[in-house]
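Values in this text are rule-based calculations from the coordinates and carry no lab data. Note that the structure is a prediction, hence the values are computed from the model and not measured. Cβ placement follows ideal geometry from the backbone for every residue including glycine, while neighbour counts extend to all protein chains displayed.
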Amino acid sequence: MAESARGLIDSIATRFTEWLPETPGGAFVDGPIGWRGYDDARARAAERTGEPESVVCGSATIGDTEVALVVFEFGFLGGSIGEAVGHRVALTFQRARQRRLPVVSLIATGGSRMQEGMRALTQLHVLAREVAATRVAGLPQVSVLCDPTTGGGWATLGAGADVVLALPGAQVGFAGSRVRPGGDASAYTAEAHRDTGQVDQIVERGRLRDALARWLRLLTTPAPRAAEPPRALGGAGSSRTGWEAVIRARAPERPRAARYLDAYFAWREPVRGDRAGGVDDGVLCGFGWRDGAAVAYAAQCGTATRPAGFRTAARLVRMADRLGVPVLTLVDTPGAAADGTAERDGVGPSIAALFEAIASARVPVTSVLIGEGGSGGALAFAAPGRLWATPDGYFSVTSPEAAAAILKRSALEVPATADELRLRPADLVRLGIVREIVRP
């Protein structure tokens, strides 16, 4: 059986003050649709759990951050969502906006309460409205998926949060275990949802307090100015020719994104996936702690970037923009994935989404070319007017090989074609594409 709401609260919060709103609506016998025995079932649930409803709400302190807290009590009718739950959660979100507090939701629910019929189901509209209004207000929302998180609770408070954490082995899915079709049961786990980009992190129960404290610190402490470009970690000398620049950028020993991020941040937490079933492990996104404040990052790892990678980066930039957190992007790709699968998965629209996210961002975006800059797949990660480069990178309208093929040149002419493309960092500075070359 799921852990009690009070047990969860005691384990993650150093202070908790419960908010007890009055239950709305008139008096019904056995609820709004007259479900036989509903009043008795509620009374037994209250006696068993000590709670008047399936959710406990209030203000709390987690780490150093005051939050509005929503915690489901699964022992009360399976944590189901009825009118009283919708009312309590809505008032909690409204108080969060009034007091400018982030919202943390710990979810354990079987879905909408069937004993209240459509009056229960329409509470999902209520929850969705509050999630959307809080998003517009620029306040962070973090959800924790406990066991189980199914139905409308998953599809509103859970999946609608900025950052989604989950406990290991938690059952997660829109359909509960008693109503889903037969087949692959492993698809309905927290781990499966992380693998498909719907959950950011699996967090061990004993680490939940610390994980929430770290995330809340990151999401509520934006750096006051644009991110500084990181120093170069590779060679310092300038490339004499365009082809030499290409060879240096493609060298397997050249520092990649993970090394740059580890050197740049004191610590960091990942954001994973595009929330549409896709993950590109060649793109790292998240928030990191540097000089006492948070910077968001989206970094290519030197592989061809897939549609899910562009969509995840766009999601990261939009989230950071809502929260006022400056962004660092690291450019390093031979280009966008161009295979048939990528095309069917919408590589064009996904690149367009990232271009739009960066172009419309109100927070400053700092970009650094740390390796290959292959055409539009690289340019989508680069902020116009705020691009730096390391000495061992290059940026080109297309690869030298592709340019030679388009011009019907032989393979022997590829190096000369690279020179003609003016793709070295020094060339990019002269062209006004790159501000400066960063040094070790």
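Write out the GluC sites (Glu not before Pro) in the stretch 175-259 meeting two conditions: DSSP loop, and at most 10 other Cβ atoms within 10 Å of their Cβ. Before the final figure, lay out each step's value.
Details: sites: GLU191, GLU204, GLU244, GLU253; in loops: GLU204, GLU253.
Sites meeting the loop and neighbour criteria: GLU204, GLU253.
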### Message
What distance in nm lies between label points placed 7 Å from Cα along the C-beta direction at VAL397 and ARG48?
### Response
7.0 nm
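Work out, step by step, the length gained on full extension between ARG207 and GLU18: first 0.36 nm times the residue separation, then minus their alpha carbon distance; give nm to one decimal. Don't skip to the answer; put the middle values down first.
On the way: separation 189, 0.36 × 189 = 68.04 nm, distance 2.39 nm.
Extending this stretch completely gives an extra 65.6 nm.
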### Summary
Here the gain from full extension of ALA133 to PHE28, 0.36 nm per residue of separation minus their alpha-carbon distance, amounts to 34.7 nm
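May I ask what percent, to the nearest 5, of DSSP beta bridges between residues of the chain are antiparallel?
Values: 26 of 64 bridges.
In the chain, approximately 40 percent of DSSP beta bridges are antiparallel ones.
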### Query
Ranked by Cβ crowding within 10 angstrom, fewest neighbours first, how are ILE107, ILE406, ILE358, ILE437 ordered?
ILE406, ILE437, ILE358, ILE107
### Task
Run the quick spin-label model on ARG439 and ASP262: label points 7 Å from Cα toward the beta carbon, then report their separation in nm to one decimal.
2.6 nm
### Extension reserve of the ARG409-ALA192 stretch, reckoned as 0.36 nm per residue once the Cα distance is removed
73.4 nm
## Note on the structure
For ALA361 and SER238, extending 7 Å from Cα along the Cα-Cβ vector and measuring point to point gives, in nm, a value of 2.9 nm
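Per DSSP H run of n ≥ 4, the term is -39500 (n - 2.57); total these for the chain, divide by its residue number, and report the mean residue ellipticity at 222 nm rounded to 500 deg cm²/dmol. Please list the in-between numbers first.
Numbers: 16 runs with 153 residues, N = 440.
Helix-only estimate at 222 nm: -10000 deg cm²/dmol.
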#### Entry: Angle in degrees between helix 123-136 and the longest Cα principal axis of the chain, rounded to the nearest 10
40 degrees
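Under the rule that an exposed site lies in a DSSP loop and has at most 13 other Cβ atoms within 10 Å, name the longest stretch of the chain with no trypsin sites (Lys or Arg not before Pro) of that kind, not counting the sites themselves. Please list the in-between numbers first.
Details: sites that count: ARG36, ARG100, ARG178, ARG225, ARG231, ARG240, ARG362, LYS408.
Free of exposed loop sites, the longest segment is 241-361.
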### Message
Once each part is reduced to its C-alpha centroid, what is the distance from the stretch 410-440 to the stretch 70-111 in angstrom?
### Response
55 Å
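Indicate, rounded to the nearest 5 percent, the antiparallel portion of the DSSP beta bridges found entirely in the stretch 127-214.
Working: 1 of 9 bridges.
Of the beta bridges lying entirely in the stretch 127-214, close to 10 percent run antiparallel.
Assuming a ≥ b ≥ c are the square roots of the Cα gyration tensor eigenvalues, decide whether the stretch 242-430 counts as rounded (a/c under 1.5), prolate (otherwise, with a/b larger than b/c) or oblate. If you can, show how the numbers build up before the last one.
Numbers: a/c = 1.99, a/b = 1.47, b/c = 1.35.
In terms of gyration-tensor shape, prolate.
For LEU233, what charge total do you get from the other residues with a beta carbon under 14 Å from its beta carbon, if Lys and Arg give +1 and Asp and Glu give -1? Before the final figure, lay out each step's value.
Values: positive: ARG231, ARG248, ARG254, ARG256, ARG259, ARG439; negative: GLU253, ASP262, ASP332, ASP392.
Surrounding charge for LEU233 is +2.
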